[in-house]
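Just below is one structure, and these are the notes that go with it.
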Amino acid sequence: MALMDKLFGEFVDVIAWTDDSQDTLVWRFPRHDNEIKAGAKLTVRESQTAVFVNEGEVADVFKPGMYELTTANLPILSTLRGWKHGFESPFKAEVYFVSMRRFTDLKWGTRNPVMLRDPEFGPVRLRAFGTYEIRVHDPAELIREVVGTDSHFTTDEIADQLRNLIVARFAGVLGGSGIPILDLAASYEQLGTFLSGRIKPEFANYGLELVRVLVENVSLPAEVEAALDRRTSMGMVGDLNRYAQFQAAEAMRTAAANPSGGGMGAGIGVGMGMAMGRQMGDVLGAGGQASAPTPAGAAPVPPPLPGGDVSFHVARDGKPAGPFGLGELKDRARAGAFDAESLVWRPGMAAWTKAGEVEALRPLFGAVPPPLPGGAEG
């Protein structure tokens, strides 16, 4: 009895694979030196394909189902073996099980930055990363071109090559898209779809199908992102005059909420706010802009008078005249040849502005009475 068990133990009569891994593409049935018994049972589960290889040559391919191995369902192997009238004795063949399911969440990314020319920022360096999905399209082609005699072939063994294909094509796709950097986030899906279409034929050469490519992020170098953040911050600040008022109000609020700091803290806060307001008023006043209003509860503080070297051009009869210093303009104002409605301009101002709206010229009109009706003089 023991002798019979030994003899039958040399033959394989059940061939199957239960896949409990997440990354196995191809698994070879461990036949070792045992021979496959005539009439053995082959079980191919859903999402699997079984490939018989005879002396290094791909023979028969079995889709999901249960088979009893005979010459009827091993036509190619029967031809290779010369079984013209069927076979009864055991035979040797390598059986590879190929997983046909979808392999997801495979990573890709650029090892080195991709150089591109952006229409707004000029030459830039970009990095990108994402995921992709594959599945086996042609099991025989995969075994012939990639697997060879590997008994346990996983996605890790081909991931580097597939990733290199994606990255190499991504640089060309991104460079040819013409999409500005600031608009890339809205185009990730479009880039992924276009990239997938470009690479599918190359994956097919390995017997694989590229199901999907996802672009998750395209990023700038850290120093460029920092500069972009500063530019964004400037845009958010907006009106510097209002920002100075806000800063002054915040300083006073902080001082009021911290009574333990004493009057010194409150005084410093109010003083800083007033100083900032005056400085912003001085800077913007020469350009025709209103100065910052005096904080509530504080006495009005007039801005310092400009120095004697300040001069303005004056529009007269549709033509510019001058420049005139403040003394000359004061004399012209007394003579009635210059008033608050006269248009003036000096370097640093964006446009011609009414003299009455320029902080530096307002004192000239405070002491000059308007002309009396009827031409009477005061």
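The values are calculated or read from the model by the stated rules, or taken from the named source; none is laboratory data. Computed from a prediction, not measured in an experiment: that's the story for all the values here. Cβ sites come from the backbone with ideal geometry, for glycine too, and all protein chains shown count toward neighbours.
Scanning segment 13-70 for residues that are of a type in the set (Asp, Glu), assigned to a strand (DSSP E or B) and farther than 19 Å from Val146 by Cβ yields Asp13, Glu35, Asp60, Glu68. Of all residues in segment 92-103, none are out of contact with any strand residue (DSSP E or B) (no Cβ under 6 Å at 6 or more places or on another chain) and farther than 28 Å from Leu210 by Cβ. Scanning segment 173-212 for residues that are hydrophobic (A, V, I, L, M, F, W, C), touching a residue at least 40 places away in the same chain (Cβ under 8 Å) and in a helix (DSSP H, G or I) yields Leu174, Ile181, Leu182, Phe203, Ala204.
Condition test on Glu94, is it in contact (Cβ under 8 Å) with a residue 12 or more places away in the chain, in the same structural domain as Phe62 (by TED's automatic domain parsing), touching a Ser or Thr at 6+ places or on another chain (Cβ under 9 Å) and among the charged types (D, E, K, R)? When the stated conditions are applied, Glu94 passes them.
Condition check for Phe170 on (1) outside any helix (DSSP H, G or I); (2) buried (at least 18 other Cβ atoms within 10 Å of the Cβ); (3) at pLDDT below 90: one failure, at (1). Against the test of being over 30 Å from Phe153 (Cβ atoms) and either in the same structural domain as Asn112 (by TED's automatic domain parsing) or touching a His at 6+ places or on another chain (Cβ under 6 Å) (or both), the options Ile199, Ile179 yield a single qualifying residue, Ile179.
Every test in (1) touching a helix residue (DSSP H, G or I) at 6+ places or on another chain (Cβ under 9 Å); (2) crowded, with 19+ Cβ neighbours inside 10 Å; (3) not charged (D, E, K, R); (4) not in a strand (DSSP E or B) is passed by Ser78 save one, and that test is (1). For segment 114-163, the candidate set comprises residues that are part of a strand (DSSP E or B) and aliphatic (A, V, I, L, M); within that set, the residue that is surrounded by the fewest Cβ atoms within 10 Å (Cβ to Cβ) is Met115. Per this entry, Arg144 is counted among residues that are touching a residue at least 40 places away in the same chain (Cβ under 8 Å), closer than 30 Å to Lys37 by Cβ and not hydroxyl-bearing (Ser, Thr, Tyr). When segment 213-227 is examined, which residues are found to be loosely packed, with under 14 Cβ neighbours inside 10 Å and more than 12 Å from the chain's Cα centre (by Cα)? Passing the criteria: Ala222, Glu223, Ala226, Ala227.
Which of the residues that make up segment 30-49 are closer than 13 Å to Val14 by Cβ and surrounded by 13 or more Cβ atoms within 10 Å (Cβ to Cβ)?
Matches in segment 30-49: Arg31, Asn34, Ile36, Lys37, Ala40, Lys41, Leu42, Thr43, Val44.
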